[in-house]
Amino acid sequence: MKTMEAIVNESIQQIWTKRPLIISGPCSAETEQQVVETATRLAATGKVDILRAGIWKPRTRPGNFEGVGIKGLAWLLHAKKKTGLPTTVEVATARQAEDALQYDVDVLWIGARTTVNPFSVQEVANALRGVNVPVLIKNPVNPDIELWNGAVERMAKSGITHIGLIHRGFSSYGNTEYRNAPMWQLAIEMKRRYPEMIMINDPSHICGRRDILQGVVQKAIDLDYDGLMIESHIDPDNAWSDAKQQITPEVLLDMLNSIQWRHETADRKEFITALEQLRDQINHLDDELLQLLGQRMRIADKIGEYKKLNNVTILQTNRWNEILARAVAKGENLGLSKEFIMKYFDAVHLESINHQNKIFNS
Ligand code: PEP
Ligand code: MN
């Protein structure tokens, strides 16, 4: 591997302190023309600090586009020479880290699928010992803050002095609005643990779709994030990966120009943070309630099958009165009004009956 001075170069040090730090570029490098044109148009916005591109793409299912590999590094170097933009790529193995450094990539990033795996993180950290290139660490795919924290520690132990965090959201079962649920409170907790580290928001992978990007960008700015990583493409609809979430460099410029800069008081920032945390708790509880209701209906289905087999009526008044009496008594202890409990159980009961009716008629 090429030896480099263990001091991060001055231009990167300067970029590290710029606010907001903007990283943009395609999800994947596809062709030389696409990489160079994207970079040229991004540079023309005057707002982008670092050019990103995926060279090796970790795909959930085999057969999807897995990245162009090492030849893409030469295209990125070409784009960097033409525009002056420093570059960043995702690395998941020692070999990829070494290849990236050979091609003068300025900043490396650890992807969400790598952060979950301490073996891989350690392998990359070992490869970077004595190199001291800046490393951005994406949150792990699953909402486990200790894995994120562990990756930071592994890099720090290898002597990396410029570590940044990228918040790209967490996969969660059954969430519909976002591709990856933001779970803001986890990023806020990382920021609390590492106040000196830059925290970058990646709305592209949180949203998975263009139409809700701006809202997430604004929230990140309201929460005082240090920067943004946003995927951009010269022809987003025909991108080889993540087509739905990419935007053109010109749309990126509009998006950045539409950010509302609020001069928040510390009080207001704390207020947003607290509100976010509480709303997140509510969302989690609602998700759990829905899961439980689904489970309840599956049990009602089973009961329906027994009733059908044994020729028993669906509605058994005594059993229903018993359920209601139990719920009202329990609910009152929990501060829930009798009126609410009755309404809620009526709705649940009706749904059970509909389920069982379907079974009777099948
Ligand atoms: C990416 O940035 O293109 C990427 C693969 O992201 P993540 O690791 O967040 O899924
Ligand atoms: Mn992507």
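The values are calculated or read from the model by the stated rules, or taken from the named source; none is laboratory data. All figures in this text were calculated on a predicted structure; none of them were measured in a lab. Using ideal geometry, Cβ is built from the backbone for each residue, glycine included, and neighbour counts are taken over all protein chains shown. Note: areas computed on protein heavy atoms with side chains; ligands, DNA, RNA excluded. Shrake-Rupley method; radii C 1.70, N 1.55, O 1.52, S 1.80 Å.
Length available on full extension from Asn321 to Arg262: 0.36 nm per residue minus the Cα-Cα distance, which gives 15.7 nm.
Under the rule a/c < 1.5 gives rounded, and otherwise a/b versus b/c splits prolate from oblate, where does the stretch 13-89 land using the Cα gyration tensor? Prolate, since a/c reaches 1.5 and a/b exceeds b/c.
Of the residues Ser241, Ser258, Thr273, the one whose Cα sits farthest towards the positive end of the charge dipole of the stretch 214-296 is Thr273 (charges of +1 on Lys and Arg Cβ, -1 on Asp and Glu Cβ, taken about the Cα centre). Potential lengthening of the chain between Lys302 and Lys269 amounts to 6.9 nm, from the contour at 0.36 nm per residue minus the alpha-carbon distance. Extension gain, Gln33-Asn357: 0.36 nm per intervening residue step, less the Cα-Cα distance, totals 110.5 nm. Taking the charge dipole of the chain about its Cα centre, with +1 at Lys and Arg Cβ atoms and -1 at Asp and Glu Cβ atoms, the residue from Gly304, Ile200, Leu76 reaching farthest to the positive side is Gly304. Cα to Cα, under 22 Å, and not fewer than 8 places away if on the same chain: which lysines meet these conditions relative to Lys80? In chain and number order, the partners are Lys2, Lys18, Lys47, Lys57, Lys71. Only Cα pairs within less than 10 Å get springs; with that Gaussian network setup on the chain, which residue of Thr273, Thr161, Thr60 has the largest fluctuation? Most flexible of the set in this elastic network: Thr60. Note on Asn238 and Gln295: with the Förster distance fixed at 41 Å, the Cβ-Cβ geometry gives a FRET efficiency of about 0.45.
Within the stretch 226-362, the ratio Rg/Rh, alpha carbon atoms throughout and Rh by Kirkwood, equals 1.24.
Calculated FRET efficiency, Lys18 to Tyr344, Cβ-Cβ distance, R0 = 45 Å: about 0.30 to the nearest 0.05. Solvent-accessible area assigned to carbon and sulfur over the stretch 94-167 amounts to 48 percent, based on a 1.4 Å probe. When Rg and the Kirkwood radius Rh are both evaluated on Cα atoms of the chain, their ratio Rg/Rh stands at 1.11.
Please list log₁₀ I(q)/I(0) at q = 0.09, 0.12, 0.17, 0.19 Å⁻¹ for the stretch 146-289, using the Debye equation with identical point scatterers on the alpha-carbon positions. Listed by q, the Debye log ratios stand at -0.31, -0.56, -1.07, -1.25. Taking amide H atoms as placed 1.01 Å from N in the peptide plane, the amide H of Leu21 lies under 5 Å from those of Gly227, Leu228, each 5 or more residues away in sequence or on another chain. The fraction of all Cα pairs in the stretch 18-176 landing in successive 10 Å bins from 0 to the largest distance is 11, 39, 37, 13, 0, given as whole percents. Heavy-atom accessible surface of the stretch 142-271, averaged per residue, reaches 44 Å², computed with a 1.4 Å probe.
Charges were assigned to the Cβ only: +1 to each Lys and Arg, -1 to each Asp and Glu. The resulting dipole of the chain about its Cα centre is roughly 740 debye.
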